[in-house]
Amino acid sequence: MAETTNLSIRIDRNLKDEADRIFNALGMNLTTAITVFVRQVVRQKKIPFEIALDTDESKGVSLRDAMLASERIWQNSVQNGTDRMTSEEIDAEIKAARVERKARRASI
């Protein structure tokens, strides 16, 4: 099992809650979704969907576009076998990383 690390980000509460609902409907949690996204970035060496300014700046990215991008990321992860980690496996890796980090800090 690969060594893991923690990632801490700040995000708007409503955006996170909406993302949680969408990812739960897709059968994953936010951590898994972010992991899938990062794996695709590394694999493809680019953002795995188009990022562009909308001609009407007030619109932003549509929910439909976001859902399509999420589905493409998920399909790519299935093709590459990166979708197989359960939330329990992810949690176990996070816990192990915390134990390792605590041990490293104690030895300093």
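The values are calculated or read from the model by the stated rules, or taken from the named source; none is laboratory data. These numbers come from a predicted model, not from an experiment. Cβ sites come from the backbone with ideal geometry, for glycine too, and all protein chains shown count toward neighbours. To get the accessible areas, we keep the full protein, side chains included, count just its heavy atoms, and leave off ligands, DNA and RNA. Shrake-Rupley method; radii C 1.70, N 1.55, O 1.52, S 1.80 Å.
What angle, in degrees between 0 and 90 and rounded to the nearest 10, separates the Cα long axis of helix 87-107 from the longest principal axis of the Cα atoms of the chain?
Between helix and principal axis, roughly 50 degrees.
Report the full-extension gain for the segment GLN44 to GLN75: residue separation times 0.36 nm, less the Cα-Cα distance, to one decimal in nm. Could the numbers behind the result be given before it?
Numbers: separation 31, 0.36 × 31 = 11.16 nm, distance 1.38 nm.
Full extension of this stretch gives 9.8 nm more.
Using a probe radius of 1.4 Å on heavy atoms only, what accessible surface per residue do you get for the chain? Whole Å² is fine.
Solvent-accessible surface per residue comes out at 80 Å².
May I ask for the angle, rounded to the nearest 10°, between helix 63-80 and the longest principal axis of the chain, with both axes built from Cα atoms and the value confined to 0 to 90°?
Taking the Cα atoms of the chain, the angle to 63-80 is about 50 degrees.
Here is the link list: LYS16/LYS45; LYS45/LYS102; LYS16/LYS46. Which ones come out longer than 28 Å on Cα distance?
Long pairs (Cα-Cα over 28 Å): LYS45/LYS102.
Considering only protein heavy atoms and a 1.4 Å probe, what is the carbon-and-sulfur percentage of the accessible area of the chain?
Numbers: 4690 of 8640 Å².
Within the chain, the accessible surface is 54 percent carbon and sulfur.
Which order do the peptides 21-32, 95-106, 4-15 come out in when sorted by mean C-beta neighbours inside 10 angstrom, highest first? Display every interim value, and only then the final one.
Values: 21-32: 15.0, 95-106: 10.7, 4-15: 8.4.
Ranked by mean Cβ neighbours within 10 Å, highest first: 21-32, 95-106, 4-15.
Rounded to the nearest 10 Å², what accessible area does ASP20 have for a 1.4 Å probe in the complete protein model?
40
Cα-based Rg of the chain per 2.2 N^0.38 Å, rounded to two decimals? Please list the in-between numbers first.
On the way: Rg = 16.4 Å, N = 108, 2.2 N^0.38 = 13.0 Å.
So the chain has a normalised radius of gyration of 1.26.
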